[in-house]
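Structure incoming, see below.
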Amino acid sequence: MARDEEQSSKHTMLKIYPERPRLIVLEGIDLSGRTTQVQLLLDWLAAQHYHVTTTAWRSSPLISDVLARARTATPLRPLSYSMLYAADHIDRTQHVIRPALERGEIVLADRYLYTALARDTARGLDAAWVQNLYRYSVQPDAVFYLHISPEEAVKRRLSLQQQRLGELHAGKLKSAKMAKESKNGKEPEQRKQEKEAKKGAQATIIQTTALTGEALESFRNFEVKMYSEYQQMQKAYGFTVIEGNQPIDQVQATLRRAIMRLLLEM
Amino acid sequence: MSAETNTQVDSPAFLLPHAFAGKLIAAEGLDGSGKSTQFRLLKFWLQAEGYEVVTTELISSKLIKRALKTGKKQGSMDPMLFSILHAVDFAELYEREIVPALKRGSVVLADRYVYTALARDLARGVEQDWIQNVYSFAARPNLSLYFELSVDESLERTMSHQERVKYYQAGMDLGLSRDPTASFRAFQQRILQAYERMIDPYRLLRLDATLPIKQQQQILRDAIADILSGE
């Protein structure tokens, strides 16, 4: 539900348009820090009084619902998944991306069709066939590729699940403590808050299932494939490569410099 | 199978011939053109001849229906989006039912196949080259039948078992007419024209769907016997 709200956050009270409407894309394999960077860019651009619209992969209301259902039912074939993601992209192009650009705004895309190209070809689909699906996409003004190695992705994944596990334990301890305290007549509002926090921790755990053994190996293999697809696309699509394996603020500073230059271009 | 492949090199390559053990027979045509009736009779006959027969139908899955409903509420559905959602359904049917059956050596009777999707999408204004590329993963049928019927006849037959024409069946979202029947006519006329344009390049076998059922069946059996004896 939170995803729906996030899917296109728009800052309508702001006044400044860039010299030209701009579509700026961030790409990168899982855990490359893409979403964090998009959020920081959004905050920054909004603070500069720019009109900004963000759009995230898989966020069209039409498709996110279908995809959520598809995941619980019989898993769809790679071919069908590929077309559903294209459907999501077509819907967002029509309802989010094009309208925002027509209003003269900056559109920040957290992943774009390159994700589909990388993923679908990694899953064995024909690259030319996938390219055809996205033939009518808007050409981005800049694609920033956050480069991390597949090994780094695995490392980050493991440390993330470690961290989440820790949070869950802490949540359990807290709620046990809370149960005790509630007997002693603790305020209900605080109890409610802590309950919410615990729920949140559980939700993230479910999202980030602990990977071990074979599952971890297949995660690693997939990231390796994705990585190699992205490497091949870099030149063909003129990605601006940014090393993702450095502190968040350093990555952000590099992005901001590049975007500032782009926004000032006539 | 390979000899047959060689005879078709001059036809457009958007659907490529398959090398599966089975045979694929597709039926296309307007609603009410009698495809299902003829396929039911064919299945009976083929089974009696000792073939394993699988009949498939191109109907919208629950998954897609939900998305279509949402689109209906929004009032406008991008033709490409409409088209690709249906392609998802087709891909699932194709990979889960059609291909496995062909691999087993069955005769697959596909009640509506790619050409129906193509005709409908073209009638909705999708670019031909794009949509043909989308469906290019599918195999070319060994025999593609076109059940020829006029729009008037189709409407009459449809209304004999439906209370009213359905929203997307009438292409109501295209704004052709506010009156569902008039919209149905205009939309189905476009589909008919799209079919007509496919007959030659894709070598659809044209069948007069107003002929008596038995006579149609005999024509179909003859054509299919040729395909099956081509082994």
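Residue A:142: of a type in the set (A, V, I, L, M), surrounded by fewer than 19 Cβ atoms within 10 Å (Cβ to Cβ) and within 12 Å of another protein chain (Cβ to nearest Cβ), yes or no?
Values: of a type in the set (A, V, I, L, M): yes; surrounded by fewer than 19 Cβ atoms within 10 Å (Cβ to Cβ): yes; within 12 Å of another protein chain (Cβ to nearest Cβ): no.
No: the conditions fail for residue A:142.
Output the number of the condition that residue B:85 fails; it satisfies all remaining conditions of (1) hydrophobic (A, V, I, L, M, F, W, C); (2) without any contact (Cβ under 8 Å) to a residue 24 or more places away in the chain; (3) more than 9 Å from chain A (Cβ to nearest Cβ); (4) closer than 22 Å to residue A:126 by Cβ.
Looking at each condition in turn, residue B:85 falls short on (3).
Can you tell me which condition residue A:13 does not meet? The list is (1) touching an Asp or Glu at 6+ places or on another chain (Cβ under 7 Å); (2) modelled with pLDDT under 90; (3) among the hydrophobic types (A, V, I, L, M, F, W, C), and all the others hold.
(1)
Residue-wise test of (1) within 12 Å of the chain's Cα centre (by Cα); (2) buried (at least 17 other Cβ atoms within 10 Å of the Cβ); (3) in a strand (DSSP E or B).
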residue	(1), (2), (3)
B:101	no, yes, no
B:105	no, no, no
B:117	yes, yes, no
B:133	no, yes, no
B:146	yes, yes, yes
B:153	no, no, no
B:158	no, yes, no
B:162	no, no, no
B:166	no, no, no
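Let me ask another. Identify the residue in region B:135-144 that is within 13 Å of the chain's Cα centre (by Cα) and within 14 Å of chain A (Cβ to nearest Cβ) and, among all such residues, is surrounded by the fewest Cβ atoms within 10 Å (Cβ to Cβ). Show your work before the answer.
Pass one, region B:135-144, residues within 13 Å of the chain's Cα centre (by Cα): B:135, B:138, B:140-141, B:143-144.
Filter once more, keeping what is within 14 Å of chain A (Cβ to nearest Cβ): B:135, B:138.
Numbers: B:135: 20, B:138: 24.
Here the answer is B:135.
What are the pairs, 6+ residues apart or on separate chains, where a residue within region B:32-60 that is in a loop (DSSP other than H, G, I, E, B) has its Cβ under 6 Å from a residue that is of a type in the set (S, T, N, Q)?
B:32/B:154; B:32/B:158; B:52/B:106
Additional query: What number goes with the only condition from (1) within 10 Å of another protein chain (Cβ to nearest Cβ); (2) modelled with pLDDT of 95 or more; (3) crowded, with 18+ Cβ neighbours inside 10 Å that residue B:95 does not pass?
With respect to (1) within 10 Å of another protein chain (Cβ to nearest Cβ); (2) modelled with pLDDT of 95 or more; (3) crowded, with 18+ Cβ neighbours inside 10 Å, residue B:95 is out only on (3).
Right, another one. So if I check each of A:43, A:30, which one is surrounded by fewer than 18 Cβ atoms within 10 Å (Cβ to Cβ), more than 14 Å from chain B (Cβ to nearest Cβ), touching a helix residue (DSSP H, G or I) at 6+ places or on another chain (Cβ under 7 Å) and over 29 Å from residue B:73 (Cβ atoms)?
A:30
Please find, within region A:64-77, the residue that is surrounded by the most Cβ atoms within 10 Å (Cβ to Cβ) out of those that are at the interface with chain B (Cβ under 9 Å from one of its Cβ atoms) and within 21 Å of the chain's Cα centre (by Cα).
Initial filter on region A:64-77 (at the interface with chain B (Cβ under 9 Å from one of its Cβ atoms)): A:65-66, A:69-70, A:73-74, A:76-77.
Next, from what is left, pick out any that are within 21 Å of the chain's Cα centre (by Cα): A:65-66, A:69-70.
On the way: A:65: 15, A:66: 25, A:69: 13, A:70: 19.
Residue satisfying both the conditions and the ranking: A:66.
Among the residues of region B:122-131, is any touching a residue at least 24 places away in the same chain (Cβ under 8 Å), away from chain A (no Cβ under 13 Å), crowded, with 20+ Cβ neighbours inside 10 Å and part of a helix (DSSP H, G or I)?
Yes, there is a match, as at least one residue in region B:122-131 is touching a residue at least 24 places away in the same chain (Cβ under 8 Å), away from chain A (no Cβ under 13 Å), crowded, with 20+ Cβ neighbours inside 10 Å and part of a helix (DSSP H, G or I).
Yes/no matrix, rows are residues, columns are (1) closer than 26 Å to residue A:141 by Cβ; (2) modelled with pLDDT under 95:
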site	(1), (2)
A:219	no, yes
A:224	no, no
A:235	yes, yes
A:246	yes, no
A:251	yes, no
A:256	yes, no
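With respect to the numbered conditions (1) touching a residue at least 60 places away in the same chain (Cβ under 8 Å); (2) outside any strand (DSSP E or B), which one is the sole condition not fulfilled by residue A:26?
(2)
To continue, here is another question. Right, residue B:71: surrounded by fewer than 22 Cβ atoms within 10 Å (Cβ to Cβ) and within 10 Å of another protein chain (Cβ to nearest Cβ) or not? It would help to see each step written out before you state the result.
On the way: surrounded by fewer than 22 Cβ atoms within 10 Å (Cβ to Cβ): yes; within 10 Å of another protein chain (Cβ to nearest Cβ): yes.
Yes: the conditions hold for residue B:71.
Only one of these is among the basic types (Lys, Arg) and within 14 Å of chain B (Cβ to nearest Cβ): A:111, A:119, A:135, A:157. Name it.
Numbers: A:111 fails: within 14 Å of chain B (Cβ to nearest Cβ); A:119 fails: within 14 Å of chain B (Cβ to nearest Cβ); A:157 fails: within 14 Å of chain B (Cβ to nearest Cβ).
Only one candidate qualifies: A:135.
The values are calculated or read from the model by the stated rules, or taken from the named source; none is laboratory data. In this text the structure is predicted, and so the values were computed from the model without any measurement. We place every Cβ from the backbone using ideal geometry, glycine too, and count neighbours over all the protein chains shown.
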